[in-house]
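Trainee: The structure is given below, and queries will be raised subsequently.
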Amino acid sequence: MLRAHLLALVLPALFTGMYACAAGTSGSPLPEGTSGNSGGDPGSGGSGGGGLPPGDDGGIDIDNDASTEEPPLEPDSACATAVEEAEAVPLPVDIIWMVDNSSSMAPAVTQIKQGLNAFAALIAAKSLDYRVIMLSLRGKTQSGNLHPICIPQPLAGNDDCGNSPRFFHSSMNIYSTQPLEQILGTLAQTDGYQQGQARGGEPWAGQLRPEATKTFVVVTDDNARLSADNFENFAGGKNPYNNNQLPPGILRPSWNGLFDDYVFSAIYGWGAPNDPSTKCKYSNLTEPPSSGPTYTTLVAKTGGVRAKICDGQAAWGPFFDAVADAVIETAKLSCELAIPTPSSGTIDPAKVNVAFTSGSDQTLINHVPTAADCGTSAAWYYDDPVHPTKVILCPQACDDAQDAIGPNKPGKIEVLFGCATIVQ
């Protein structure tokens, strides 16, 4: 999840004496960023994404015409400034769907078959490098009382539910109360969850990209018996509910941050916005087995979106849209930025500055020699101090960039050429 930070990175007083040739700066710190994860009630199925206007590419444009910009560092006789916008490239997004295959899930399975391609198209329309991973029993026809799922082309690679560069299906029978256990077990391929075992499936951890944001989407009418805290923080070892083995929870250090800031969304049996114990009601006034309080906890904690499985077909279009919006708005930016070519002249590494801008407001950030010098400061450094090709944002500056730049956010990152680099 994106953290809201004030981009108050450089005090104007700091510039005096540090940058002798600048008469002053034209801006002030950026306003507080708006997180893609709403803090409001996730129950409407749309709290994770506010909808994007047609053609909105998230503010990630490149505009190399600096002639209409007022120079952020006002030049005097000692230096002149050119401004180029750095291309802020979104990192990949991995979306893991887990679908309960139990006897009551036939309508939901049908909706996913019909809607997952359109869902993927929403992600693709924002030029995001996406991958969909499906964890569910694979098949075209009912098997006993189980309802498998077969995703059609073009997301799938062929008419037999095959994989493709953007889609991977690990076939496993998802037990109605065990999705969280099966996510963990099949992720690590621990005993009891390996391919060929009753709760197991093909290995899929290799499909996850370390740099990608992670979104889980669970579809079920029951509750998970594994707690939300164990899903995130289980120490690893014997499953509390059987003799199978589980790995550490997804936020434990052994995963090396693979699931940091993950988002959890679900369509399940909740019925009241403020009472996790209340079940929804189907049109015939029957109820699902559970209200899914564990999923309510995870959705609320991670800023995901949810919908009521009792609403049937009417729930699915808005749910797909809301999950897609949440994926788009929580996509992160790469904090390694190629140095844009200045419109005139050559690059002098000693005369480059980096700024965050939003409208007429601009905040310059300091340069540090290496990543080891970042500390807790919002700063930047070169990939190669002698022959640089990239500007790399330190962790705090990277967090600030996430808050200011992206879908529905007006910020951009500019590289300024011609005036002595402001150093920390």
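Trainee: Just one of the numbered conditions (1) closer than 27 Å to G236 by Cβ; (2) part of a loop (DSSP other than H, G, I, E, B); (3) open to solvent by less than 40 Å² (accessible area, probe 1.4 Å) is not true of G157; which one?
Mentor: The number of the failed condition is (1).
Trainee: Looking at E211, is it of a type in the set (D, E), touching a Pro at 6+ places or on another chain (Cβ under 8 Å) and either open to solvent by 10 Å² or more (accessible area, probe 1.4 Å) or more than 26 Å from T278 (Cα to Cα) (or both)?
Mentor: On the way: of a type in the set (D, E): yes; touching a Pro at 6+ places or on another chain (Cβ under 8 Å): yes; either open to solvent by 10 Å² or more (accessible area, probe 1.4 Å) or more than 26 Å from T278 (Cα to Cα) (or both): yes.
Here the answer is yes, as E211 does meet what is asked.
Trainee: For I112, are the conditions met, namely being within 21 Å of the chain's Cα centre (by Cα) and buried (at least 21 other Cβ atoms within 10 Å of the Cβ)? Spell out how you get there, then give the answer.
Mentor: Details: within 21 Å of the chain's Cα centre (by Cα): no; buried (at least 21 other Cβ atoms within 10 Å of the Cβ): yes.
The answer is no for I112.
Trainee: Can you work out which of the residues in segment 306-362 that are of a type in the set (S, T, N, Q) and in a loop (DSSP other than H, G, I, E, B) is least open to solvent (accessible area, probe 1.4 Å)? Give the derivation first.
Mentor: First pass over segment 306-362, keeping only residues of a type in the set (S, T, N, Q): 313, 330, 334, 341, 343-344, 346, 353, 357-358, 360, 362.
When the remaining residues are screened for being in a loop (DSSP other than H, G, I, E, B), the result is 334, 341, 343-344, 346, 360.
On the way: S334: 29, T341: 110, S343: 89, S344: 84, T346: 128, S360: 96 Å².
Of everything passing the filter in segment 306-362, S334 is least open to solvent (accessible area, probe 1.4 Å).
Trainee: Suppose we keep only residues that are open to solvent by 40 Å² or more (accessible area, probe 1.4 Å) and under 25 Å from the mean Cα position of the chain (by Cα) within segment 160-187. Which one would you say is nearest to L128 (Cα to Cα)?
Mentor: R166
Trainee: If you check G201, G269, G206, G237, which single one turns out to be in contact with a Gly (Cβ under 6 Å, 6 or more places away or on another chain) and small (G, A, S)?
Mentor: Details: G201 fails: in contact with a Gly (Cβ under 6 Å, 6 or more places away or on another chain); G206 fails: in contact with a Gly (Cβ under 6 Å, 6 or more places away or on another chain); G237 fails: in contact with a Gly (Cβ under 6 Å, 6 or more places away or on another chain).
Exactly one residue qualifies, and that residue is G269.
Trainee: The conditions are (1) free of Cβ contacts under 8 Å to residues at least 60 places away in the same chain; (2) not in a loop (DSSP other than H, G, I, E, B), and V386 fails exactly one of them. Which is it?
Mentor: (2)
Trainee: Can you spot a residue in segment 279-287 that is open to solvent by less than 50 Å² (accessible area, probe 1.4 Å), over 30 Å from A125 (Cα atoms) and touching a Ser or Thr at 6+ places or on another chain (Cβ under 9 Å)?
Mentor: Yes, segment 279-287 has at least one match.
Trainee: Output the number of the condition that K390 fails; it satisfies all remaining conditions of (1) on the phi > 0 side of the Ramachandran plot; (2) surrounded by fewer than 23 Cβ atoms within 10 Å (Cβ to Cβ).
Mentor: K390 satisfies all of (1) on the phi > 0 side of the Ramachandran plot; (2) surrounded by fewer than 23 Cβ atoms within 10 Å (Cβ to Cβ) except (1).
The values are calculated or read from the model by the stated rules, or taken from the named source; none is laboratory data. On a predicted model such as this, the values are computed, not experimentally measured, just so you know. Here Cβ is always computed from backbone atoms with ideal geometry, including for glycine, and neighbour counts include all displayed protein chains. SASA here: full protein model, heavy atoms, side chains in, ligands and nucleic acids out. Shrake-Rupley method; radii C 1.70, N 1.55, O 1.52, S 1.80 Å.
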